[in-house]
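First up is the structure itself, then whatever we jot down about it.
Just so you know, all these numbers are worked out from the coordinates, no wet-lab data involved. The shown structure was predicted, so the numbers you read here are calculated from the model rather than taken from an experiment. Heads up, the Cβs are rebuilt from the backbone with ideal geometry, glycines too, and the neighbour counts pull from every protein chain shown.
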Amino acid sequence: MASAAVTDPTAVIGRRVVAALIDGTVVIGPTVAIAMSNMEYITRATVEQQGGRFDDFCEDYTSELGGACVHVGDRAYFSDGSANPGSFAFLGLSILLLVVLQGVTGWTIGKLLTGLRTVKEDGSAPGIMKALLRWLLLLIDGLPCIPLVGFILALTTQGHRRVGDMAAKTFVVRARAAGQPILVPGLTVAPTTPAMYGAPPGAADWTPPAAPPPAPPTGQGPQWDPARGTYIQWDAARSRWLQWDDESRTWSPIPGQ
């Protein structure tokens, strides 16, 4: 019977876009709110009363005084360019969400809501260091101004990995694929089944040790076992075969029996 085709668990680009939008809102929303609460503002009416053009206010302000200025409705928010708590909020929220939370659990709020996980090739959470590397390389994936580089790579590469994923050796997969080795057709392979205990590495023709003979009649004494090179005898009290250890001069249960 033919085996079923392997489904690529990384083919989730649509959900990744939605997750990124959610995570961006989680980080940028509070950042903007904090930043604007620490900026001064002037209204359209005030600017026009002073004989100026409201639409030119931010351009005039930044060209003369530097700093930052943005129009929001009928208000223009501005600051002199000194450190704003919004910058620290953005940095802190980004690290908390994309490095700490994602590194430990494999998910961000966006990924949790869209059923995605970031994992290593063995299916486990990436860990803090790999998550940090993915975050730092957003500087490249985020070019130019919007994450176009990261989107194109995630859309076209095997394993749908952006630069950060390639460097950290991580994958973004469906949640149900996490916790087990990630199988990407043409990129990763299924792990080999471990050899049985006692088999020499790579010995395809290895066979298990000979099983002990059936239990002898009660009262039968030790007998020579050529497969083990020692004497064996049946212990009726323990219902087990014992073998003679010449070095310790004792009888002990045959391993694995």
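Note on L21 and E59: their simple-model spin labels are 3.2 nm apart, each label 7 Å out from Cα toward Cβ.
Under 5 Å between amide hydrogens, built in the peptide plane, is the criterion, and for Y231 it picks out D225, W244 among residues at least 5 positions away or on other chains. Between W251 and D74, the contour length at 0.36 nm per residue exceeds the alpha carbon distance by 54.3 nm. Neighbour counts of C-beta atoms inside 10 Å place F57, F88, F151 in the sequence F88, F151, F57, starting with the fewest.
Three principal axis extents describe the C-alpha atoms of the range 50-119; from largest down they are 58, 24, 14 Å. One equal scatterer on each Cα of the range 58-167, no solvent, Debye formula: the resulting log10 I(q)/I(0) at q = 0.15 Å⁻¹ is -0.78. Taken as Cα centroids, the range 61-84 and the range 124-159 sit 32 Å apart, rounded to the nearest whole angstrom. In the range 81-135, one over the average inverse separation of all distinct C-alpha pairs is 11.8 Å, which is the Kirkwood hydrodynamic radius.
In this calculation the C-beta distance from L91 to L155 is compared with R0 = 41 Å, giving a FRET efficiency of 0.90. Maximal additional length on extending the L112-T230 stretch stands at 36.4 nm, based on 0.36 nm per residue less the C-alpha distance.
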